[in-house]
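Notes follow once the structure below has been shown.
The values are calculated or read from the model by the stated rules, or taken from the named source; none is laboratory data. Note that the structure is predicted; figures quoted are calculated from it, not measured. Reconstructed Cβ throughout: ideal geometry from the backbone, glycine too, with neighbour counts over all protein chains shown.
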Amino acid sequence: MGRILAIDYGLKRTGIAVTDELQIIASGLTTVLTNDLISFLKDYIKKEKVELFLIGEPKQMNNSPSESEALIIPFIKKLDNVFPNIPIKRVDERFTSKMAFQTMIDSGLKKNQRKNKALIDEISATLILQSYLYSK
């Protein structure tokens, strides 16, 4: 089995999380600058087998796409062109940033540590991945 890799795509930074090879545990991997994302993924996939990409799907409360969806669609097309043999699934990402922030509070991080937006992005990707694993 290969890993599942979750992506919390952002304009500046993108959070990434992965499963173990048995696809049981979701772990935050890193946050990368969005401009470096494809390059990072190419390097990662040379070292690890990735079976599936999960990409957060931002939605409004009324279930309509959020405005950031317009940035994600071109990325998905590029991802599909670069990695045509790895399927892509979308996962509702509503509330993941709020949940990530709450996770930071619950884990005892100090106020200045909670301002680390890169960490929030990584935790958000982990929450997207964990939600997918629960739904399987």
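Observations on the model:
- Residue within region 64-74 that is exposed (fewer than 13 other Cβ atoms within 10 Å of the Cβ), at pLDDT 95 or above and not hydrophobic (A, V, I, L, M, F, W, C) present: yes
- Pair list, Cβ < 9 Å and 6+ apart or interchain, from region 34-47 residues that are over 18 Å from GLU122 (Cα atoms) to residues that are modelled with pLDDT of 95 or more and surrounded by fewer than 16 Cβ atoms within 10 Å (Cβ to Cβ): LYS42/VAL82
- Residues in region 12-31 that are in contact with a strand residue (DSSP E or B) (Cβ under 8 Å, 6 or more places away or on another chain) and over 18 Å from LEU127 (Cβ atoms): LYS12, GLU21.
- The residue that is surrounded by the most Cβ atoms within 10 Å (Cβ to Cβ), counting only those in region 1-29 that are under 14 Å from LEU54 (Cβ atoms) and charged (D, E, K, R), is ASP8.
- Counted residues, region 30-51 - those being closer than 15 Å to ILE128 by Cα and surrounded by fewer than 21 Cβ atoms within 10 Å (Cβ to Cβ): 1
- Residue among LEU127, LEU119, LEU54 that is surrounded by 13 or more Cβ atoms within 10 Å (Cβ to Cβ), within 14 Å of ILE7 (Cα to Cα) and modelled with pLDDT of 95 or more: LEU54
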